[in-house]
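The values are calculated or read from the model by the stated rules, or taken from the named source; none is laboratory data. What you see is a predicted model, and the numbers here were worked out from it, not measured in a lab. Because the Cβ atoms are built from the backbone with ideal geometry, glycine has one as well, and the counts that use them run over all protein chains shown. With ligands, DNA and RNA removed, areas are computed over all heavy atoms of the protein, side chains included. Shrake-Rupley method; radii C 1.70, N 1.55, O 1.52, S 1.80 Å.
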Amino acid sequence: MQPIPIGTSNFKILKEDNYYYIDKTLNIKEFLYSSAKVTLLSRPRRFGKTPFQSTLYYFFSNSEKDESLFKDTAIYQDK
């Protein structure tokens, strides 16, 4: 059984320590193909805004590029 990440919002820690994680990486595709200049992430409290921002950071980061973090995610399967 995977542990629930209480107080942990860092995508890299969630994946490396095998925490329970809901895959929202296909939202990255929406950002890439959107013509919006600004994107507002509005969700109620505790709906995963900070982990998703961390996911975006690791996906677009050049200094922390680690493709193995995304191997079992929807965005990796979509290519």
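Some points to look at:
- Residue check for Ser9: small (Gly, Ala, Ser), under 13 Å from the mean Cα position of the chain (by Cα) and not in a helix (DSSP H, G or I): yes
- Of all residues in the range 24-54, those satisfying the criterion of being closer than 14 Å to Leu14 by Cα and either of a type in the set (Phe, Trp, Tyr) or touching a Gly at 6+ places or on another chain (Cβ under 9 Å) (or both) are Lys24, Phe52.
- Taking residues in the range 67-79 that are farther than 11 Å from Ile28 by Cα, and partners anywhere that are polar (S, T, N, Q) and not in a helix (DSSP H, G or I), the pairs with Cβ atoms closer than 6 Å and at least 6 places apart or on different chains are Thr73/Thr25.
- Taken over the range 55-79, the residue count meeting the criterion of being part of a loop (DSSP other than H, G, I, E, B), closer than 17 Å to Ile22 by Cα and open to solvent by 70 Å² or more (accessible area, probe 1.4 Å) is 2.
- Restricted to the range 21-50, and to residues there that are under 15 Å from Pro5 (Cβ atoms) and either free of Cβ contacts under 8 Å to residues at least 40 places away in the same chain or out of contact with any helix residue (DSSP H, G or I) (no Cβ under 6 Å at 6 or more places or on another chain) (or both), the residue that is most open to solvent (accessible area, probe 1.4 Å) is Arg46.
- Within the range 19-40, the only residue that satisfies the criterion of being in a helix (DSSP H, G or I) and of a type in the set (Asp, Glu) is Glu30.
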